[in-house]
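*Asks:* The structure that follows is given in the form of structure tokens.
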Amino acid sequence: MTIYYFLSLAFFLLSLLEIYILGGDRSLRLYKTASLWPIGVVLVCIAGLRYMVGADYTSYLEIFKWIAQFDNLPDAISGMGVIEPAFVTVNFLLKSLPYNAFLFLFAIPSIFFKLRWIAKYSPYIFLALFLYLPTFLEGDMGIIRQYFALGLICWSVDFIDKRRLLPFLVLVILAFNFHRSAIIFLPAYFLVKIRINYWHALILVTLMQVTSFINMDFLKPIAQLNSFMYGKFQDYSTYKDLGFGIKDIARILILLLVALNQKVIKQDKTTRLFADLFMWGCLIYALLKFNAAFAQRLTLYYLRAEIILLPCLLYQLGNSASSLLKINSYRIIIVLYAIIVLCYKIYILIPWNDNYQFIFLHD
């Protein structure tokens, strides 16, 4: 686990340097953004050159081998059944390469889509990178298909911001062809224009989180509209209720911070956009919590907005009339939140990510 501890410590120290010393000074932004790209190269190497590391490493290895047996792409797409066509296409085009070459090449756009998103929207780039690290460990080093779709969804946020529906639709549909769950982000373009008081959302989410009165039958007609979605619906239908736990408390805490500062948030278009996306993620999560797979897989496209939301909120508080005590309190809360989420993620990933090995060092 040494490599994860090193990354965690490095990003933690960079975050402290940024929020306490460098600040969100725009004159330094160019240098911070430039430093993000070499960090991205390191992350791509870690994700792409791993051996037997990651929750789905062997699963995707078997998929890669299976697709390599097909002589043409249409047969590969039809033969792979429930695996999305875009993912099959990438595997097929790279089938002559070693598996780790595929992982490496696949990681490049997946990770850099997310880093570009951070560079574009976060005033505190290193803090956002620290908040992104759990996503990297879980997704970019494990659930690569869905987290590639997440990278495309991050790109699509540009067009929500600019109110350009067509390119937004193109990216969401492309993401859907890498992982069906991405279709849940389709309404986001319109949801962010529905103004809901954050206090009302907090109360509703809290009530829905501590009670479970919905079953998954209402999703069945929607899933039946597409055979790919229905196949996954049947796979996920056996998952149990998530109950109420630490992640629920964490989301409610962030939503509370948003509600407490909604006047500040409404003064900045970017902060409001990501606050709205996160709020809708909390609402959808609470609605789907009767099933662990649906709640976790379908809402990550909204909930990962926290990576940008928390740095934006901290920056806006620094530019407002907020007291130094309040600003420092929020700094501590946000950094502690990032540490707790990271530690939790490392702990649950130990069975798959322990004893990291590079492929070229494997005996």
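*Asks:* Contact list please: Cβ distance under 7 Å, first residue in segment 65-76 and surrounded by 10 or more Cβ atoms within 10 Å (Cβ to Cβ) and of a type in the set (Val, Ile, Thr), second residue assigned to a helix (DSSP H, G or I) and modelled with pLDDT of 90 or more, pairs at least six apart or on different chains.
*Replies:* Between residues of segment 65-76 that are surrounded by 10 or more Cβ atoms within 10 Å (Cβ to Cβ) and of a type in the set (Val, Ile, Thr) and residues that are assigned to a helix (DSSP H, G or I) and modelled with pLDDT of 90 or more, the close pairs are Ile67/Ala76; Ile67/Val88; Ile67/Asn91; Ile67/Phe92.
*Asks:* May I ask you to say which residue of Phe130, Phe159, Phe113, Phe126 is within 19 Å of Ile307 (Cα to Cα) and either over 17 Å from the mean Cα position of the chain (by Cα) or of a type in the set (Lys, Arg) (or both)?
*Replies:* Phe159
*Asks:* List the number of the failed condition for Val82; all other conditions in (1) β-branched (Val, Ile, Thr); (2) in a loop (DSSP other than H, G, I, E, B); (3) surrounded by 17 or more Cβ atoms within 10 Å (Cβ to Cβ) hold.
*Replies:* Among (1) β-branched (Val, Ile, Thr); (2) in a loop (DSSP other than H, G, I, E, B); (3) surrounded by 17 or more Cβ atoms within 10 Å (Cβ to Cβ), Val82 violates only (3).
*Asks:* Let me ask another. For segment 51-76, name all the residues that are hydrophobic (A, V, I, L, M, F, W, C) and modelled with pLDDT under 90.
*Replies:* Within segment 51-76, Met52, Val53, Ala55 qualify.
*Asks:* For segment 263-285, name all the residues that are farther than 27 Å from Ala295 by Cα and either crowded, with 24+ Cβ neighbours inside 10 Å or not aliphatic (A, V, I, L, M) (or both).
*Replies:* Lys263, Lys266, Gln267, Asp268, Lys269
*Asks:* Anything in segment 39-50 that is touching a helix residue (DSSP H, G or I) at 6+ places or on another chain (Cβ under 8 Å) and either surrounded by fewer than 18 Cβ atoms within 10 Å (Cβ to Cβ) or basic (Lys, Arg) (or both)? List them, or say none.
*Replies:* Cys45, Arg50
*Asks:* When you go through Val170, Val90 one by one, which is the residue that is part of a helix (DSSP H, G or I), of a type in the set (Val, Ile, Thr) and buried (at least 16 other Cβ atoms within 10 Å of the Cβ)?
*Replies:* Val90
*Asks:* Okay, moving on. Within the group Phe87, Phe112, which residue is under 23 Å from Ile359 (Cβ atoms) and either among the charged types (D, E, K, R) or in contact with a His (Cβ under 9 Å, 6 or more places away or on another chain) (or both)?
*Replies:* Step by step, each of Phe87, Phe112 is checked, and only Phe87 is under 23 Å from Ile359 (Cβ atoms) and either among the charged types (D, E, K, R) or in contact with a His (Cβ under 9 Å, 6 or more places away or on another chain) (or both).
*Asks:* Let me ask something else about it. Consider only pairs whose beta carbons are under 7 Å apart and that are at least six residues apart or on different chains; among these, list those whose first residue lies in segment 90-109 and is closer than 18 Å to Val53 by Cβ and whose second residue is aromatic (Phe, Trp, Tyr) and crowded, with 16+ Cβ neighbours inside 10 Å.
*Replies:* Every condition considered, the pairs that remain are Tyr99/Phe64; Phe102/Phe64; Phe106/Phe148.
*Asks:* Okay, moving on. Filter segment 150-172 down to residues that are farther than 14 Å from Phe190 by Cβ and among the hydroxyl-bearing types (Ser, Thr, Tyr), then give me how many there are.
*Replies:* Matching residues across segment 150-172 total 0.
*Asks:* Say we look at segment 321-357 and pick out the residues that are surrounded by 15 or more Cβ atoms within 10 Å (Cβ to Cβ) and outside any helix (DSSP H, G or I); which of these is modelled with the lowest pLDDT?
*Replies:* Ser322
*Asks:* Further question on the same structure: So which pairs qualify, if the first residue must be in segment 22-36 and within 19 Å of Gly318 (Cβ to Cβ) and outside any loop (DSSP other than H, G, I, E, B), the second must be of a type in the set (A, V, I, L, M, F, W, C) and at pLDDT below 75, the Cβ gap must be under 8 Å, and the two must be at least 6 apart or on different chains?
*Replies:* Between residues of segment 22-36 that are within 19 Å of Gly318 (Cβ to Cβ) and outside any loop (DSSP other than H, G, I, E, B) and residues that are of a type in the set (A, V, I, L, M, F, W, C) and at pLDDT below 75, the close pairs are Leu22/Leu28.
*Asks:* Taking the condition of being under 19 Å from Leu150 (Cα atoms) and assigned to a helix (DSSP H, G or I), how many residues in segment 305-320 meet it?
*Replies:* The total comes to 5.
*Asks:* Among the residues of segment 286-304, which ones are surrounded by fewer than 24 Cβ atoms within 10 Å (Cβ to Cβ) and not in a helix (DSSP H, G or I)?
*Replies:* Lys289, Phe290, Asn291
The values are calculated or read from the model by the stated rules, or taken from the named source; none is laboratory data. None of these values were measured; they are calculated from a predicted model. Every residue, glycine among them, receives a Cβ derived from its backbone with ideal geometry; neighbour counts consider all protein chains shown.
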